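Derivation of every value follows stated rules applied to the coordinates shown; laboratory data play no part. Fair warning: this is a prediction, and the values are worked out from it, not measured in the lab. Cβ coordinates were reconstructed from backbone atoms using ideal geometry, including for glycine residues, and neighbour counts include every protein chain displayed.
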Amino acid sequence: MNGVDSVGMSVRRVLVTGAAGRVGRAVLDLLAAEGIEATALVLDDPGDLPARRVVAGDAAEPGTVRTALEGVDAVIHLAAIPTPERDPAERVFAVNTQATFTVLEQAGLAGVRRACVAGSQAANGLAFAARDLHPAYVPIDERSPSQAEDPYALSKLVDELTAATMARRHGMGVVALRLPYVGGFDERLRDFAARCAADPGLHARGLWAYLETRDAARACVLALDVPGTGARTVLVAAPETLVPQPTEELMRRYHPRAELRSPLPGRTVPVDLAPAREVLGFTARFTL
Ligand SMILES: NC(=O)c1ccc[n+]([C@@H]2O[C@H](COP(=O)([O-])OP(=O)(O)OC[C@H]3O[C@@H](n4cnc5c(N)ncnc54)[C@H](O)[C@@H]3O)[C@@H](O)[C@H]2O)c1
């Protein structure tokens, strides 16, 4: 079985926004396998989602979100424009931040007390900057200073502030999961890994981190099980990079001024995964 491990929790009905997307579909599959009822909020109903209810509409629209929240006791909010590369900057920022505000505000008003929102490792600013940026130190962690210059990174930073605000405003527990590059073994992940093996520079901005789609889904579901109120930002990734080259060698070549705060033997991913283990009980299972 997929095994969420600790989801023997009080959460029985979950709203998943962006449920027709890459991560959303994997979340619906996992919830179904765990016997947890799902409501899917999607822009357009693709007709094949394994959810008890499907609500079609905009996650930034309060009435739509209120309808989707009926009977729900937790929310996994994934709906977003996941890159700044296709849409105008204003739209990327506005859609992402407004959807997160609306979903958490309506969830709080509806009495929902547990939420997970999809953040991004790209909030550090490296992934989509117009020039090469470098981390101040590795392993990166949730306290790494952001160098955001692009609207997507900014939207994800604002989403984390929104999560913290809504946690206080409504007495909720909210986890913002900073996801790295996410892909399935059956789709883009192996191809991307092969291209990065040939040219590690392709993913230097992502610090060669990745998460298989089913692991991303499991982290989202585990985030609903974090006790207490307040907001947490947690980085998740597979424990090793998606390239064969040793990480310290890659760091010296692509980010030579980054401070190495702890040894990164072999292919160790330069991301601090201790909070993911300690807060979520999460370790990736689907690794290259
Ligand atoms: N895939 C990655 O590599 C990656 C990495 C870091 C973070 N993330 C974040 O994870 C989340 C899920 O990503 P994904 O890869 O599944 O993306 P995706 O594009 O496959 O899915 C996102 C879904 O959200 C929907 N959506 C967008 N705006 C909406 C709105 N206003 N109302 C309702 N639905 C809306 C889209 O139609 C899409 O189906 C996103 O928040 C993304 O920013 C993804």
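Here are the numbers:
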| read-out | value |
| --- | --- |
| Per-region count, the range 163-180, residues in a strand (DSSP E or B) and not β-branched (Val, Ile, Thr) | 5 |
| Residue tally, condition out of contact with any helix residue (DSSP H, G or I) (no Cβ under 8 Å at 6 or more places or on another chain) and farther than 20 Å from Ser144 by Cβ, over the range 190-215 | 8 |
| Check on Leu222, farther than 25 Å from Phe128 by Cβ, not basic (Lys, Arg) and not in a loop (DSSP other than H, G, I, E, B) | yes |
| Residue that is farthest from Gly24 (Cα to Cα) [pool: residues in the range 197-216 that are touching a strand residue (DSSP E or B) at 6+ places or on another chain (Cβ under 9 Å) and not in a loop (DSSP other than H, G, I, E, B)] | His203 |
| Lone unmet requirement of (1) outside any loop (DSSP other than H, G, I, E, B); (2) within 20 Å of Ala219 (Cβ to Cβ) for Val158 | (2) |
| Candidates Ala197, Ala164, filtered to the one that is aliphatic (A, V, I, L, M) and within 28 Å of Arg12 (Cα to Cα) | Ala164 |
| Subset tally (residues that are among the β-branched types (Val, Ile, Thr), outside any helix (DSSP H, G or I) and within 11 Å of the ligand (Cβ to nearest atom)) for the range 73-127 | 4 |
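Here's the yes/no breakdown for (1) in contact with a strand residue (DSSP E or B) (Cβ under 9 Å, 6 or more places away or on another chain); (2) among the hydroxyl-bearing types (Ser, Thr, Tyr); (3) surrounded by 22 or more Cβ atoms within 10 Å (Cβ to Cβ):
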position: Ala68; (1), (2), (3): yes, no, yes
position: Gly71; (1), (2), (3): yes, no, no
position: Pro88; (1), (2), (3): no, no, no
position: Leu109; (1), (2), (3): no, no, no
